[in-house]
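The values are calculated or read from the model by the stated rules, or taken from the named source; none is laboratory data. Keep in mind that what you see is a predicted model, and the values were worked out from it rather than measured. Using ideal geometry, Cβ is built from the backbone for each residue, glycine included, and neighbour counts are taken over all protein chains shown.
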Amino acid sequence: MPLLLAVCGGGEDGRTGTTATPEASPAAGPQLPEGFPADFPIYENAVVTAASRLSVAQGDIFAIGMETTDAADAVRSFYEARLAEAPWEVGNVVEIPEENTAIVEFAGREGGQAGTVAIHEEQTDGRKTTITISLPAPPSTVTPTPTASPGP
């Protein structure tokens, strides 16, 4: 099963749209990290609350957190449909009813990128659906700075 990360963050506003574009204005809240796939579907009624590129033992990962007031079923339907289109494909959908959560596992058809979209619905003071995307990032293009070796 691909790595699933919980993403938390704050922000009243965020970018909305159906495809990922890192050009959100600074006043709009967190922006998608540089290098995030432009063809990855972003739920149109969601607000980006957290977005980062994390370094983990398995390599870099894009971790995106979003929120919407739409029902989790609508969000799940969106991701199942959009991730069934090229260049993506749905691998599996895991339901965790006792936690009001569904996890859509997907992969890229041409490069094998595999990730997850976790959809969780809360019904406290109204409906809030959180969306957490975990997607492998391409290798960093930053060249490490050489360190001086200790002398004799």
For I42, work out the one condition from (1) touching a Pro at 6+ places or on another chain (Cβ under 8 Å); (2) β-branched (V, I, T); (3) at pLDDT 90 or above it doesn't fulfil.
(1)
Pairs only if they're at least six apart or on different chains, beta carbon under 8 angstrom, first in region 88-103 and of a type in the set (S, T, N, Q), second surrounded by fewer than 16 Cβ atoms within 10 Å (Cβ to Cβ) and not in a helix (DSSP H, G or I); list them, first residue then second.
N100/E122; N100/Q123; T101/E95
List the number of the failed condition for V47; all other conditions in (1) at negative phi; (2) surrounded by fewer than 16 Cβ atoms within 10 Å (Cβ to Cβ) hold.
(2)
Is it the case that some residue within region 59-75 is modelled with pLDDT of 90 or more, buried (at least 16 other Cβ atoms within 10 Å of the Cβ), within 16 Å of S134 (Cα to Cα) and among the hydroxyl-bearing types (S, T, Y)?
no
Note on E110: of the conditions (1) in a helix (DSSP H, G or I); (2) charged (D, E, K, R); (3) modelled with pLDDT under 90, unmet is (1)
